[in-house]
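Colleague: One structure is given below, represented as structure tokens, and several questions about it will come after.
Just so it is clear, none of the values below were taken in a lab; they were calculated from the coordinates. Being a predicted model, the structure only gives us computed values, none of them experimental. Cβ sites come from the backbone with ideal geometry, for glycine too, and all protein chains shown count toward neighbours.
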Ligand SMILES: NC(=O)C1=CN([C@@H]2O[C@H](COP(=O)(O)OP(=O)(O)OC[C@H]3O[C@@H](n4cnc5c(N)ncnc54)[C@H](OP(=O)(O)O)[C@@H]3O)[C@@H](O)[C@H]2O)C=CC1
Ligand SMILES: CC(C)CCC[C@@H](C)[C@H]1CC[C@H]2C3=CC=C4C[C@@H](O)CC[C@]4(C)[C@H]3CC[C@]12C
């Protein structure tokens, strides 16, 4: 998707400091007072300690995951012995020494993939869609061609795989060289985040940018909400065209590798199938994704960019990577239950996303589960002082809990992880981190909405009392 914004920066970003807790919107009817009640201590933890911890640990964590699968047979206990026998520091340098530097084939593959994905963003046809108005009053414009890109890339992948097979060339080499890929992606993404930091400081693309006044947080969180480089929207490229597409391709690559080693195995088939269906839905819904937290709140920094260039390709594909060396025979009944439960969860998650979209698109003039929906017309203010209105839906899934759709998200992830059975904890790493991410996200989103909509949000919370799990949380 291509982004254009209807404004040009009036200020150099380093002249403008923003408060990282306010999300830059104002409620019209009341001020929640939340940001003022957040103690300085919490600010230091959120803006310095946590970013530093994540910056230092996460790039190491992904190589530890690779090492655990390849050298410890998927056992965290065995991997931990490296650290108990040596110190943490020498254990870590030992693990890094086991990973190879990227070979030319890996570097060229990544470069060519990047060029291809960028070219397709411009060349593939797509409808023009508008993103939500930003706190500075800009309206992002996108070209909705993500689904076409996904289908085209999948067709190209399988065609090349079949055509090159007689010549002994197989995509499974990317499984064998995954350590090289992790090293290359880590280095590229850390440098890229630095380039984004400099760009945000020196040449921001839009007025939705600025510094928090803290260099660590600026690198971690990013400076710009909608950076563009040579006309390309960085966030859409990194999240959707890189992170999600590499996730899909890696899952297919692992399935090919497993087929070469063991022939057809139902466990990897079930896991891969559910992930590919999930990703097909994600690309289909790409225009809807543009109204979510990642796009409207989160800036382009380490969190999103390293996250989608490294964390997603490694952690989100981990269970399939593990299944290559741990084939399991599930049998038809278990496979069918996992697939059906996964598809049902995906449908509920999708329906919840659609309900929210539909009610806003029709200005409340629609039916939700066959009935006229309960809606709250919530007013809020842009930084420019202009007053706007959004509909908060309090019917359908949005009446059950405020983030009910996170439950099916977790269930489908469980359904594609269960094929690994229970010999090791490692295949459940993704679900563990997803739970933390979603719980943290539910608090973050509630805070954002409370600050944006004030009493209107409180009205919604009174009607829909539970955050995620009805009667529990
Ligand atoms: N696999 C993964 O790693 C993850 C997947 N996801 C998935 O991505 C999708 C998007 O999730 P996410 O961005 O977290 O959140 P939501 O789709 O819940 O979007 C949050 C925004 O929706 C608006 N909103 C909130 N409540 C209502 C309501 N009652 N009626 C109307 N609008 C409302 C608010 O934005 P506004 O300012 O417009 O009012 C809020 O900020 C989900 O399907 C989720 O499961 C999410 C996180 C991680
Ligand atoms: C630095 C890390 C500790 C954390 C990085 C987190 C990000 C990589 C992820 C945060 C939110 C994630 C996503 C949100 C919603 C999505 C829609 C869904 O349809 C597909 C997946 C995804 C794009 C997902 C991808 C990873 C995150 C951006």
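Colleague: Of 108, 457, 247, how do they rank once you tally other Cβ atoms within 10 Å and put the fewest first? List each step's numbers first, then the result.
Modeller: Working: 108 11, 457 25, 247 22.
Result, fewest neighbours first: 108, 247, 457.
Colleague: Going by alpha carbons, how many degrees (0 to 90, nearest 10) lie between the helix axis of 146-164 and the longest principal axis of the chain?
Modeller: Taking the Cα atoms of the chain, the angle to 146-164 is about 10 degrees.
Colleague: Same structure again: Using a basic spin-label model with each label point 7 Å from the Cα along Cα→Cβ, how many nm lie between residue 423 and residue 48?
Modeller: Result: 4.7 nm between the two label points.
Colleague: Dividing the convex hull volume of the Cα atoms of the range 320-473 by its residue count, what figure in Å³ per residue is obtained?
Modeller: 146 Å³
Colleague: What is the range 339-473's relative contact order, in percent, from Cα pairs under 8 angstrom and six or more apart in sequence?
Modeller: Values: 151 pairs, mean separation 39.4, N = 135.
Relative contact order comes out at 29 percent.
Colleague: Would you mind ranking 347, 113 by Cβ crowding within 10 Å, fewest neighbours first?
Modeller: Values: 347 13, 113 16.
In order of increasing Cβ crowding within 10 Å: 347, 113.
Colleague: Hey, another quick one. Using Cα centres only, tell me the gap between the range 288-337 and the range 363-406 in whole Å.
Modeller: Using only Cα atoms to place each centre, the spacing works out to 29 Å.
Colleague: Ranking request for peptides 402-409, 384-391, 350-357: highest mean number of other beta-carbon atoms within 10 Å first, then the rest in descending order. List each step's numbers first, then the result.
Modeller: Details: 402-409: 21.2, 384-391: 12.1, 350-357: 18.4.
Ranking the peptides 402-409, 384-391, 350-357 by packing returns 402-409, 350-357, 384-391.
Colleague: With axes computed from alpha carbons, what is the tilt in degrees of helix 178-202 against the longest principal axis of the chain, rounded to the nearest 10 within 0 to 90?
Modeller: Helix 178-202 sits at roughly 20 degrees to that axis.
Colleague: In the chain, what % of DSSP beta bridges are antiparallel (nearest 5)? Intermediate values should be presented prior to the final figure.
Modeller: Details: 18 of 19 bridges.
Around 95 percent of the beta bridges assigned by DSSP in the chain are antiparallel ones.
Colleague: Then there's this: By per-residue mean of other Cβ atoms within 10 Å, what is the highest-first order of 237-246, 64-73, 441-450, 271-280?
Modeller: So the order, starting with the most tightly packed, is 237-246, 271-280, 64-73, 441-450.
Colleague: May I ask you to give the average projected area over all directions of the convex hull of the Cα atoms of the range 3-329, in nm² rounded to one decimal? List each step's numbers first, then the result.
Modeller: Numbers: hull surface 77.0 nm².
The number I arrive at for the range 3-329 is 19.3 nm².
Colleague: Percent relative contact order of the chain, based on C-alpha pairs within less than 8 angstrom and at least six residues apart?
Modeller: Numbers: 686 pairs, mean separation 106.3, N = 473.
Normalised by residue count, the contact order of the chain is 22 percent.
Colleague: Here is a further query. Given N residues in the range 222-272, what is Rg(Cα) / (2.2 N^0.38 Å)? List each step's numbers first, then the result.
Modeller: Values: Rg = 16.7 Å, N = 51, 2.2 N^0.38 = 9.8 Å.
Taking N as the residue count of the range 222-272, the ratio is 1.70.
Colleague: Classify the range 135-207 as rounded, prolate or oblate from the Cα gyration tensor: take a ≥ b ≥ c as the square roots of its eigenvalues, call it rounded if a/c is under 1.5, otherwise prolate when a/b beats b/c and oblate if not.
Modeller: On the way: a/c = 4.97, a/b = 1.65, b/c = 3.02.
Oblate.
Colleague: To check my understanding: the extent here is largest minus smallest coordinate of the Cα atoms along each principal axis. What are those three numbers for the range 210-301, in Å, largest first?
Modeller: Projected onto its principal axes, the Cα set of the range 210-301 covers 55, 28, 24 Å.
Colleague: Related question: For the ranges 424-436, 141-153, what's the packing order if you count other beta-carbon atoms within 10 Å of each residue, average per peptide, and put the highest first?
Modeller: Details: 424-436: 16.8, 141-153: 18.9.
So the order, starting with the most tightly packed, is 141-153, 424-436.
Colleague: Once fully extended, how much extra length lies between residue 329 and residue 61, figured as 0.36 nm per residue of separation less the alpha-carbon to alpha-carbon distance?
Modeller: Working: separation 268, 0.36 × 268 = 96.48 nm, distance 2.99 nm.
Stretched fully, the residue 329-residue 61 segment lengthens by 93.5 nm.
Colleague: Classify the range 33-176 as rounded, prolate or oblate, taking a ≥ b ≥ c as the square roots of the eigenvalues of its Cα gyration tensor: rounded when a/c is under 1.5, otherwise prolate if a/b is larger than b/c and oblate if not. Kindly include the intermediate steps, with their values, before the conclusion.
Modeller: Numbers: a/c = 3.03, a/b = 1.04, b/c = 2.92.
Oblate shape, in that a/c is at least 1.5 and b/c is the bigger or equal ratio.
Colleague: Mind checking the angle between helix 266-284 and the chain's longest principal axis? C-alpha axes, 0 to 90 degrees, to the nearest 10.
Modeller: For helix 266-284, the angle is close to 30 degrees.
Colleague: Then there's this: Once every DSSP H run of n ≥ 4 in the chain is given -39500 (n - 2.57) and the sum is divided by its residues, what mean residue ellipticity at 222 nm do you get, rounded to the nearest 500 deg cm²/dmol? Walk me through the intermediate numbers first.
Modeller: On the way: 21 runs with 265 residues, N = 473.
Helix-only estimate at 222 nm: -17500 deg cm²/dmol.
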